[in-house]
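To start, the structure under review is shown below, and the notes come after it.
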Amino acid sequence: MYTAIVFLPLLGFLIAGLFGRLIGPRPSEIVTTSFLFVSMVLAWIVFAGFWSGQSTLSVPVLGGWITSGALKIDWALRVDTLTAVMLVVVTTVSSLVHLYSIGYMHEDKSRPRFFAYLSLFTFAMLMLVTADNLLQMFFGWEGVGLASYLLIGFWYEKPSANAAAIKAFVVNRVGDFGFALGIFLVFVLTNSINFDQIFAAAPGLAHKTIHVFGHDMDAMTITCLLLFMGAMGKSAQFLLHTWLPDAMEGPTPVSALIHAATMVTAGVFMVARLSPLFEQAPVALSVVTVVGGLTAFFAATVGLVQNDIKRVIAYSTCSQLGYMFVGLGVGGYSLGVFHLFTHAFFKALLFLGAGSVIHAMHHEQDMRNMGGLAKKIPVTFLMMVAGTLALTGFPLTAGYFSKDAIIEASFASHRDGHFFAFLMITIAAGLTSFYSWLLIFMTFFGKPKWQAGAHGHNDHAHAAHHADAHHGEAHHVDPHESPNVMMIPLYCLAVGAIFAGLIFRHSFIGEGSAEFWKSALFFGPDNHILEQMEHVPHFVGLLPSILMVFGFLVAVYLYILAPGTATRWAETSPLLYRFLLNKWYFDELYDLIFVRPAFWIGRLLWRGGDQNIIDRFGPDGVAARVVDVTRSVVKLQTGYLYHYAFAMLIGVAAFVTYYLALGLH
């Protein structure tokens, strides 16, 4: 069963990728989507076994992989509660995205390639979450990076899509470099990279030091910080977040797949999986806490001023990932994973709902060109409202149970940096409510701004795959509901967005959590965060709900009761508005510090080193001199006999002179 869950998406990728042109788009869609739904059903069966307490840790070995000295690695699938949770998340979202894409991408001529990439992405993610050692995890980690590059740049004829794909790939390589160094250090310290061995050795490494840059430093702190560096890149945390919004250049189903439940949550999963190591590095956990809080606040502030419907949701994803890392950082590993679980439902719902809006608006994504859509697409409107309620933490929705629990845990924690993180994520809760309802009001309420025509975004590659490109001319828009093949995934995700927290809270973070997680997550003897969070002051539990209501009321005032007020506020604070609109100027800063110097060095080595030195005095120089000599020699070939006779006499004279001179010696 476990093997089928993991390898069915790979089989779908091979069929659609190798034979897609032969069998055609429709069979490619059916094959890949069917395999994903089979994987999803099997994944839910596995999850049900762990939820009911009937299943335990299983590590089926598929075969030997690497044996080199002390390093012995088998290709094995580690299936415990944490894996079961991730299997459900990955296969459920991916299968629904496959189904949704049948309708959304129906006009694209490269559908076999698209569905092949989706299945490859899913396979890589499943390999990551079922890994039994760090190298196998790194294989899935890099596979996800490759597949995301292919999906973000799916419309490769569009320059901005290529740039976004390259940016995502390069930024992730920065984090992956740290992850690789962390794996090397784990092997140095434990002589193994298999999880069972390194987890068993972790307590003995608590106070071990390692000599780094001339100083003795705590080995576990350095190791876990390097591992977290990889998580920062993959999960778009502060400083390594810049690739995430640009990834919106990919088709909307790709945005849902990457930003909801799979690639961006890989870092959260990795920290949770390696909780036995992080428990021995309190300084590293403090860094995780602070970075998570800062990310939640930063992304929420930038989300306030976005006008592209997909970018608003993208920054929301970045912010919610910050919440997950705060939960992990304060030692509440199950809190972080619980929010990962619930977030997958409502964020995928929001992205696919946004895709339905874009589809209805003939590929328009700018919310300033929308408005009044609630009457035209009421079902999509209700689905988006359901996702928004869960995202903002409305009572009894999925986000209410998972997000508010992290806020309470950050207050109750004694970890260094916990109060800073508490302030950041609490403020972010209010900002999240504001920009989430801003999206709803600008899109579905107010006066329709599309009746006189709109500048459409082509998200289907009608003209040479130029997706999302402005056509530059007005055309009539008649919004309409999406077909059932696109709406059914929304209904399924809406159920999870509303009820997942209520149904699974007891098992994930309640009294039954110890029995549910068993040994999948490690809580040290001094880690009592799940108990401590139950004793926080009452106002701490109410604060997120109060801020949620406040953000909602501000959005109502600005966009319903007094339209135009937001524009006037922006005009009165132009510096702040531009600061947020330019995303705290991180792209410009990185361009100045890293990109331009890198290009300058590249041009210097290319033109100054390669062309002017190596080529000039090497191959090109030798070739040029040969050409010069041959040109001179060719001039001797005149065709006149007396010239040749004269040359022969000169040769004979030189020959005789040489031997006469030699004879004199």
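Compute the Cα gyration tensor for region 411-450, then decide on rounded, prolate or oblate, letting a ≥ b ≥ c be the square roots of its eigenvalues: rounded whenever a/c is under 1.5, prolate when a/b is larger than b/c in the other cases, and oblate in all that remain. It is prolate, given that a/c is not under 1.5 and a/b is the larger ratio.
From helices alone, the chain scores -21500 deg cm²/dmol at 222 nm; the rule is -39500 (n - 2.57) for each run of n ≥ 4 DSSP H residues, then divide by the residue total.
Quick one: compute a quarter of the convex hull surface over the Cα atoms of region 375-455 and quote it in nm².
Values: hull surface 28.4 nm².
Directional mean of the projected Cα hull area for region 375-455 stands at 7.1 nm².
Peptides 193-205, 80-92, 106-118 ranked from most to least packed give 80-92, 106-118, 193-205, packing being the mean of other C-beta atoms within 10 angstrom over each peptide's residues.
Taking amide H as placed 1.01 Å from N in the peptide plane, TRP75 has its amide H under 5 Å from the amide H of LEU62, GLY63, GLY64, TRP65, each at least 5 places away in sequence or on another chain. Residues whose amide H falls under 5 Å from that of THR209, counting only those 5 or more places apart or on a different chain, are ALA219, with hydrogens built in the peptide plane. Scalar couplings 3J(HN,Hα) for region 593-600, obtained by applying the Karplus form with A = 6.51, B = -1.76, C = 1.60 to θ = phi - 60°, are 7, 10, 5, 4, x, 5, 5, 5 Hz; x denotes Gly and Pro. With viscosity 1.002 mPa s and temperature 20 °C, the Kirkwood radius over alpha carbon pairs of region 539-665 converts through Stokes-Einstein to a diffusion coefficient of 89 µm²/s.
Beyond 22 Å between alpha-carbons counts as too far, so tell me which of LYS208/LYS518; LYS375/LYS449; LYS234/LYS518; LYS109/LYS449 fall in that bin. Working shown, then result.
Working: LYS208/LYS518 28 Å; LYS375/LYS449 14 Å; LYS234/LYS518 27 Å; LYS109/LYS449 31 Å.
Correct reply: LYS208/LYS518; LYS234/LYS518; LYS109/LYS449.
Its alpha carbons considered, region 478-602 gives a radius of gyration followed by a Dmax of 23.8, 61 Å. Backbone phi angles across region 327-335, fed through the Karplus curve with coefficients 6.51, -1.76 and 1.60 (θ = phi - 60°), yield HN-Hα couplings of x, 5, x, 7, x, x, 4, 5, 5 Hz in residue order; Gly and Pro are listed as x. Here region 140-244 is treated as an ellipsoid with the same Cα gyration tensor; its semi-axes, largest first and in whole Å, are 34, 15, 9. log₁₀ I(q)/I(0) of region 204-260 at q = 0.14, 0.28 Å⁻¹, via Debye over equal Cα point scatterers, no solvent, to two decimals? Once normalised to I(0) and log-transformed, intensities are -0.56, -1.06.
Could you work out the local net charge near ASP610, counting Lys and Arg as +1, Asp and Glu as -1, over the other residues with Cβ closer than 14 Å to its Cβ? Spell out each step's value before the answer.
Working: positive: ARG603, ARG607, ARG616; negative: ASP615, ASP620.
Result for the local shell: +1.
Highest mean packing comes first when the peptides 552-561, 171-180, 263-272 are listed by Cβ atoms within 10 Å, giving 263-272, 171-180, 552-561.
Per residue, how much accessible surface does the chain expose to a 1.4 Å probe? Answer in Å², no decimals.
Values: 27510 Å² over 665 residues.
With all protein chains present, the chain gives 41 Å² per residue.
The phi-based Karplus calculation (6.51 cos²θ - 1.76 cosθ + 1.60; θ = phi - 60°) puts the 3J(HN,Hα) values of region 3-17 at 4, 5, 4, 6, 9, 4, x, 5, 5, x, 4, 5, 5, 5, x Hz, whole numbers, x for Gly and Pro.
Under 12 Å from the Cβ of ILE210, count the other residues' Cβ atoms, weight Lys and Arg +1, Asp and Glu -1, and hand me the total.
Values: positive: LYS208; negative: ASP216, ASP218.
Residues near ILE210 contribute -1 overall.
Seen against the Cα atoms of the chain and their longest principal axis, helix 159-190 is set at about 80 degrees.
Given a 1.4 angstrom probe, I'd like the percentage of the accessible area of the chain that is carbon and sulfur, rounded to a whole number. The computed percentage sits at 69. Across all directions, the average projected area of the convex hull around the alpha carbons of region 145-196 is 4.1 nm².
Every Cα-Cα pair of region 93-158 was included, and the share exceeding 19 Å stands at 37 percent. The alpha carbon centroids of region 137-182 and region 601-665 are separated by 52 Å. Which of the listed residues, GLY292, GLY564, VAL6, is farthest toward the dipole's positive end in the chain, when Lys, Arg count +1 and Asp, Glu count -1 at the beta-carbon? Value: GLY564. Amide H to amide H, with H built 1.01 Å from N, ALA131 comes under 5 Å of ARG78, counting only residues 5 or more places away or on other chains.
Considering region 278-402, its Cα convex hull presents a mean projected area of 7.8 nm². Roughly what percent of Cα-Cα pairs across region 197-295 reach past 23 Å? Pairs farther apart than 23 Å: 36 percent.
Taking every alpha-carbon pair in the chain and binning the separations at 20 Å intervals from zero gives 18, 48, 22, 6, 5, 1 percent.
The values are calculated or read from the model by the stated rules, or taken from the named source; none is laboratory data. Given the structure is predicted, the values throughout are model-derived calculations rather than measurements. Every residue, glycine among them, receives a Cβ derived from its backbone with ideal geometry; neighbour counts consider all protein chains shown. When the accessible area is computed, the model is the full protein with side chains, heavy atoms only, and any ligands, DNA or RNA have been set aside. Shrake-Rupley method; radii C 1.70, N 1.55, O 1.52, S 1.80 Å.
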